[in-house]
Amino acid sequence: MAKPIQRRVFLRGAFATATALCGAAIVRAEDATHQIVIDGFAFAPDDLQITVGDSVSWINRDAAPHTVSDIDEGFESGTLRKGESFAMAFLEPGRYGYICKFHPKMKATIIVSR
């Protein structure tokens, strides 16, 4: 499976839609941006269905640090402290399971379709 394009973005304060633009990915007008909130040691939503080209942004609202780590090692956010975000575009269809490396019971899935 091809690696999604990723970019680590640090935000303090309000979520900025502009963080959805990742690397050299071209975001079409019909591509959507989805947000996943990390709060209470959980990803919400924990299952998300999106379309190829859509972007996902995760924001950590917990006081504890977390990661967004692909189970197949296709993407990795690094440590996200409270208020920090990670965003990426998904350019290939498939199922992307991910966890928090600090708290492996935190699990979620992105399902990307055409």
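Remarks
- When restricted to residues that are among the aliphatic types (A, V, I, L, M), over 11 Å from the mean Cα position of the chain (by Cα) and in a strand (DSSP E or B), the stretch 68-98 contains 1.
- Here the condition is being at pLDDT below 95 and touching an Asp or Glu at 6+ places or on another chain (Cβ under 9 Å); of ARG12, ARG28, it holds for ARG12 alone.
- Matching residues, the stretch 99-114, being buried (at least 16 other Cβ atoms within 10 Å of the Cβ) and in a strand (DSSP E or B): ILE99, ALA108, ILE110, VAL112
- Verdict on ILE59 being closer than 23 Å to ASP31 by Cβ and surrounded by fewer than 16 Cβ atoms within 10 Å (Cβ to Cβ): no
The values are calculated or read from the model by the stated rules, or taken from the named source; none is laboratory data. Bear in mind the structure is a predicted one, so any value in this text is a computation, not a measurement. Because the Cβ atoms are built from the backbone with ideal geometry, glycine has one as well, and the counts that use them run over all protein chains shown.
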